[in-house]
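I have placed the structure first, in the form of structure tokens, so that the comments after it can refer back to it.
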Amino acid sequence: MCSHTVSVCAYKQVELLKAISETHILVATQSASTFLTMPQSHPYRNGYSVLPKLQRIPLSAVFHTDDELRERCLKAKKEAMATQQVCVRQDLGGKAEAEIVNWIHGHYPIALNGSTLRDFASQMSEDVIVHCLMESSDAMVFGHVCFPSGWDPVHAIGKSFEEIHQPVPGMNLKSSRKLVETIVQHGPFERFVWSVVFDDDLNGHPSRPRAEFRPRSGHALGQQGDLFVKVERQVTVPFGEHRCALFLLQQSLIPRQEIDQVALARALRKMSDAELRYKRLDQCRDALCHWLESCADSDSSSRPPIGNER
């Protein structure tokens, strides 16, 4: 392929992504205090947004993992698989699955055992989703999701991108099909989303109890129960021949000691009431921001204590 053709293709893709980024669409399906964080900037520093903000990445950057991260995630996956339905499937063709399995086999940093997508997903630190594009619709056709952020894969399987993300406030889903077409035909792409959580649990399944912000005295730094920013790295890999895209969802937690308190408080104060309710922060936003700003104004040794209860 000549360089001129490559340049034209690159220009067209930039223009397409620029058009998509002007819509309010979210590409998603949504540890210990020293839990590993992936190599990334802290996404909350850019505020809270439901825009795609897709970034093109090379194939070599699709997987970010190491032994410690994988060990932690696999332990948590075993716990999730024992208590909730993590694997769902509908209309994923055998040829498409074989192609995706072969691709993962050739690119994953370590050897994986088995022959099916379910086999592989259970051994990966990432959650795995496949979304397909049909003649007049689109649908999630496979999911192995142990760490959902407030949603249940059982209720998402078979649904369109628009239907899955309907509950997310502030989203303009009119261009959702165009976005699905983009991730099916182009990529890989990467984006990050974030949430504030008050314990070190990666699993945000709606059936599980969640810790709440309960500032009180008597809780020293590092005790069980704390403040984290949960970051979800979302990567899409195109399989255009099969009209589908692979989603890889990698979770990590930024511990309180590494959080940019000023930036987080600023991001939280700019969130709408609907966004705060969706993130379950509407009852504690003001108190949390006050605490974060107090931390930023004081020496770390004299930070106000933070506690929480389930």
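Key figures
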read-out: Residue check for Arg118: at pLDDT 95 or above and basic (Lys, Arg); value: yes
read-out: Boolean, Asp201 is out of contact with any Leu (no Cβ under 7 Å at 6 or more places or on another chain), in a loop (DSSP other than H, G, I, E, B) and closer than 29 Å to Ile104 by Cβ; value: yes
read-out: Enumeration of residues in the stretch 114-129 that are within 15 Å of Gln250 (Cα to Cα) and in contact with a Cys (Cβ under 7 Å, 6 or more places away or on another chain); value: Ser125, Asp127
read-out: Of residues in the stretch 41-73 being assigned to a helix (DSSP H, G or I) and among the polar types (S, T, N, Q), the one farthest from Asp201 (Cα to Cα); value: Ser60
read-out: Checklist (1) surrounded by fewer than 20 Cβ atoms within 10 Å (Cβ to Cβ); (2) modelled with pLDDT under 95; (3) under 30 Å from Asn102 (Cβ atoms) applied to Gly158, failing item; value: (2)
read-out: Residue check for Leu69: surrounded by 18 or more Cβ atoms within 10 Å (Cβ to Cβ) and either of a type in the set (A, V, I, L, M) or at pLDDT 95 or above (or both); value: yes
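The values are calculated or read from the model by the stated rules, or taken from the named source; none is laboratory data. This structure is a prediction, so every number in the text was calculated from the model and none was measured. A quick note on method: Cβ atoms are made from the backbone with ideal geometry, for glycine too, and the neighbour counts reach across all protein chains shown.
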